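Only one structure is covered here, and it is reproduced in the block below.
The values are calculated or read from the model by the stated rules, or taken from the named source; none is laboratory data. A quick note: this is a predicted structure, and the numbers were derived from the prediction, not measured. So basically every Cβ, Gly included, is an ideal-geometry build from the backbone, and we count neighbours across all protein chains shown.
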Amino acid sequence: MHQADTLEKLMNNSGAPSTHYRPETAHKGPRVICVTSGKGGVGKTNIVVNLAYCLANMGKRVVVLDGDLNLANVDILLGITPHYNLHHVFLGEKSLRDILVQGPGGFSILPASSGILEMADLTEEQKLYFLAEMDELGEKIDILLIDTAAGINKNVIYFTLAAQERIIVLSPEPTSLTDAYAMIKVLSTRHDVKKFRILINSANSEKEALAVFRQLSMVADRFLNTLSLDYIGYIPFDARLPQAVRAQRLLTELSPQSKASLMLKKLANQLAREEQTTQQDGNIKFFWKGLLHL
Ligand SMILES: Nc1ncnc2c1ncn2[C@@H]1O[C@H](COP(=O)(O)OP(=O)(O)OP(=O)(O)O)[C@@H](O)[C@H]1O
Ligand SMILES: [Mg+2]
């Protein structure tokens, strides 16, 4: 099944979604990047919030969506307790702007919690209101970063398919490699996703990270030769990171010169540079439509 077919099915829509780039009419829609992994605990949430912080420091307008619907990872990591979430927007009690929470360094967090799961059951009117709100927000932001739960489940697949780019995080542990491969295999064979960006976390050196990437490419190539796996870098193992987690602070804020911080900044720079050339229109709406079953 092709990716577009799958999305169309997820969206329960007869017409093809509009993803065409229309330079004359386009406002600059945000880039939607989903960070996911096969195995849990490989560092996704820390990577997302630290990237968001670095990108915001570069002047990018960034929103983080916590796609780990059960555990609200982002809130816990930053020690925040949002008072309102998407549920209040659906009830018409709050606007999206009211529920956004300010993160450190100026990025925003969109508290979704279980709200996302309710989306398919909204009335037509609620869905249209929400899309209009989202469109307005979309005009004001440059990047939507999504942190997902680990492994293959319905929500992770939604986010992964609807985003423009997917970053798969893995660590040098053998189980992380096999789980990443299993995830890539499902996304490519069942959902026709062919492009993946690979980020190795907790490596002891670049050499080790590249060796992990080569191993992944080898298994992937042997079985799925149409895939494109793009190595986008590595984050070293850094003892300061768990310390920052315990303090509910961001590593890049607390220890900006630590080795993992320097690589996170480098990666954010890389992403920010690409952003100027890969901007597309309509993706934020496309993204939410999938979740709304429109
Ligand atoms: N580069 C690193 N160096 C040292 N420790 C790290 C690094 N990256 C992650 N960790 C450790 O791994 C823990 C888990 O990280 P994190 O919560 O970001 O993973 P996750 O992939 O989001 O997990 P989950 O799948 O449960 O959502 C961190 O609390 C930290 O202790
Ligand atoms: Mg997490």
Checklist outcome for this item: Here, helices (runs of 4 or more DSSP H) confined to segment 154-262 with at least 3 residues that are surrounded by fewer than 18 Cβ atoms within 10 Å (Cβ to Cβ) are 174-191, 206-223, 240-246
Checklist outcome for this item: Residue set Ile143, Ile167; condition over 22 Å from Lys39 (Cα atoms) and under 15 Å from the mean Cα position of the chain (by Cα); output residue Ile143
Item to check | Subset of segment 144-153 that is touching a residue at least 12 places away in the same chain (Cβ under 8 Å) and surrounded by fewer than 23 Cβ atoms within 10 Å (Cβ to Cβ) - its residue that is farthest from ligand 1 (Cβ to nearest atom) | outcome: Ile152
Checklist outcome for this item: For segment 96-108, pairs from a residue that is on the phi > 0 side of the Ramachandran plot to a residue that is of a type in the set (Lys, Arg) and in a strand (DSSP E or B), with Cβ under 7 Å and 6 or more apart or across chains, are none
Item to check | Qualifying residue in segment 228-243 (condition: β-branched (Val, Ile, Thr) and modelled with pLDDT under 95) | outcome: no
Checklist entry - Does at least one position in segment 36-57 carry a residue that is assigned to a loop (DSSP other than H, G, I, E, B) and more than 14 Å from ligand 2 (Cβ to nearest atom)? => result no
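Got at least one residue in segment 76-83 being within 13 Å of ligand 1 (Cβ to nearest atom), surrounded by 17 or more Cβ atoms within 10 Å (Cβ to Cβ) and closer than 30 Å to Ala203 by Cβ? Break it down into steps so the answer makes sense when it comes.
Going through segment 76-83, the residues within 13 Å of ligand 1 (Cβ to nearest atom) turn out to be 76-78.
When the remaining residues are screened for being surrounded by 17 or more Cβ atoms within 10 Å (Cβ to Cβ), the result is 77-78.
From what's left, closer than 30 Å to Ala203 by Cβ: 77-78.
Yes, because at least one residue in segment 76-83 is within 13 Å of ligand 1 (Cβ to nearest atom), surrounded by 17 or more Cβ atoms within 10 Å (Cβ to Cβ) and closer than 30 Å to Ala203 by Cβ.
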Next on the checklist: Looking at segment 129-153 only, could you name the residues that are among the β-branched types (Val, Ile, Thr), assigned to a loop (DSSP other than H, G, I, E, B) and within 16 Å of ligand 2 (Cβ to nearest atom)?
Outcome noted: Ile152
Checklist outcome for this item: Residue set Leu86, Leu100; condition of a type in the set (A, V, I, L, M, F, W, C), farther than 27 Å from Val186 by Cα and either surrounded by fewer than 18 Cβ atoms within 10 Å (Cβ to Cβ) or modelled with pLDDT of 85 or more (or both); output residue Leu100
